[in-house]
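Visitor: One structure, as structure tokens, below. Some questions next.
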Amino acid sequence: MSIGEGSGTDFATMRGRDYPTIRQFTVFLENRVGQLLEVIRRFEGSRVRIVALSINDATECAFVRFLLSHPEQGREILERAGLAMIESDLIGVELPPGEQPLLQVCTALLQAEINIVQAYPLIIRPHDAPAVALMVDNIDYALQTLSAKKFTMITEADLSEGR
């Protein structure tokens, strides 16, 4: 059988709105007054909303990380601006009720020997509960682990619901 002939490629497995991660855009900006505002203004007039933001400042540049309500349109806006950027997958996880919800998430990941590389809160509350975005060293295993422990995952569809 030749490649492609009856191979049964399942397009449902390709990345789409149901993919269980959320995309992060890391933009590299010159460390100069007004640069962040200039980038944020580019979303004005679009349906794209910033749902999480993290800034790491260095001597000559800043790394700004965005999670966006409509990542496809957001990527187009950033690309048209000619900004240097990197796209990465993160896990969005709702913090469970209780006194130490982040402890529960970290404990579950530690038990599976998964390292957290980055973490920051979401500005919006997709299910009316606090949530965090996590970059981990093994995203598939982290998703399996957190789902098995009944954590509620946040997807891109949750971020675009206009909350």
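Visitor: Arrange HIS70, HIS127 by Cβ neighbour counts within 10 Å, fewest through most, would you? Walk me through the numbers on the way to the answer.
Guide: Numbers: HIS70 18, HIS127 12.
Starting with the residue having the fewest Cβ neighbours, the order is HIS127, HIS70.
Visitor: Determine the principal axes of the Cα atoms in the stretch 22-88, then give the extent along each, sorted from largest to smallest and rounded to whole angstroms.
Guide: In descending order, the Cα extents are 32, 23, 19 Å.
Visitor: What nm distance separates the two modelled labels at ASP57 and TYR141, each placed 7 Å from Cα along Cα→Cβ?
Guide: Distance between label points: 3.7 nm.
Read-outs throughout are calculated quantities, based only on the coordinates presented, and are distinct from any laboratory measurement. Given the structure is predicted, the values throughout are model-derived calculations rather than measurements. Using ideal geometry, Cβ is built from the backbone for each residue, glycine included, and neighbour counts are taken over all protein chains shown.
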